[in-house]
Amino acid sequence: MRQPIIAGNWKMHLGRVDEALAFVRRIRYQLNGIEGVDRVLCPPFTVLASVAEAIRPTRIGLGAQTMHWEEQGAHTGEISPMALAGLCQYVILGHSERRAANNESDDSVNRKVHAALAHDLTPIICVGEDLAQNEAGQTHEFIGGQVRAALAGLTVEQAAQCIIAYEPLWAIGTGKAATPADANRVIGLTIRGAIAETFGEATAQAVRVQYGGSVNAENIAAFMTMPEVDGALVGGASLKLDFVELVQRAASV
Ligand code: PGA
């Protein structure tokens, strides 16, 4: 059985220590009390250490939003896997906003996945098609390619540890989520299918795959009833106090 996982991607919000801590202190105990679902906060780098401290007595997980693949070097502004290891347990890799605005490619995502696993960080690998690809019927081929590229060169054991987030670009921040049935189909046929080709059916069944894109407290339950959907990567709704309710509803399905 795959334990569902809800991750809150704060993006470039709540980056000041005072505002991040004020928010975390209001949700941490309720969030911690929820059973049956892993929950992870992914705040900006500037507050990772403070949030880590604030959630230390809880079972809430912590993740970064990106990282470099090298351990150290002349990479101004970048954060290394060595710096994150010990501070958090997860790292979001290949988010579409970074693929679009920060030149992240399938190749750099793959390097980062290897680096994350080498440092005991669980990668949350984002894949997703844009609207034109979706309307042209290219979703299956495109997402399959992204998944194969991201996982290239991993061992079966490493692949099984990865988390994948299916985030169609047209659903991110738009209020227009994919239908739960469509998300279920892409995750089951395309994403698990691509994993199975290289790593076998058992691995495909072991990998946790989230849906992301306009998930909120109202629609989370419909996604969670889908057999292939193992939780959600949540942007905007993770910045609100009712993120707790969202996680509660995910846990009660
Ligand atoms: P959203 O963002 O929930 O605000 O649509 C999701 C994401 O980008 O991870």
Using only helices, what value at 222 nm comes out for the chain when you add -39,500 (n - 2.57) per DSSP H run of length 4 or more and divide by the total residues, to the nearest 500 deg cm²/dmol? -11000 deg cm²/dmol
Descending packing, highest mean Cβ count within 10 Å first, for 198-211, 15-28 is 198-211, 15-28
Pairs of Cα atoms under 8 Å, at least six residues apart: use those to get the relative contact order of segment 194-240, whole percent. 37
Could you give the C-alpha radius of gyration of segment 150-253 expressed as a fraction of 2.2 N^0.38 Å, taking N as the number of residues it contains? 1.09
If you rank S252, S80 by how much accessible surface each has, with a 1.4 Å probe, what is the order from largest down? S252, S80
Rounded to the nearest 0.05, what FRET efficiency do D130 and A152 give with R0 = 22 Å and r taken as the Cβ-Cβ distance? Could you check? 0.50
For segment 5-252, convex hull of alpha carbons as volume per residue, Å³: 115
Cβ-placed point charges (K, R +1; D, E -1), dipole of segment 162-253 about Cα centre in debye, nearest 20: 100
Report K240's accessible area, 1.4 Å probe, all protein chains in place, as a number in Å² to the nearest 10. 120
In percent, what relative contact order does the chain have, based on Cα pairs under 8 Å that are 6 or more apart in sequence? 21
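The values are calculated or read from the model by the stated rules, or taken from the named source; none is laboratory data. Keep in mind it's a predicted model, so treat the numbers as computed, not measured. Glycine also receives a Cβ, built like all others from the backbone with ideal geometry; neighbour counts cover every protein chain displayed. Just the protein is used for accessible areas: all its heavy atoms, side chains included, with ligands, DNA and RNA removed. Shrake-Rupley method; radii C 1.70, N 1.55, O 1.52, S 1.80 Å.
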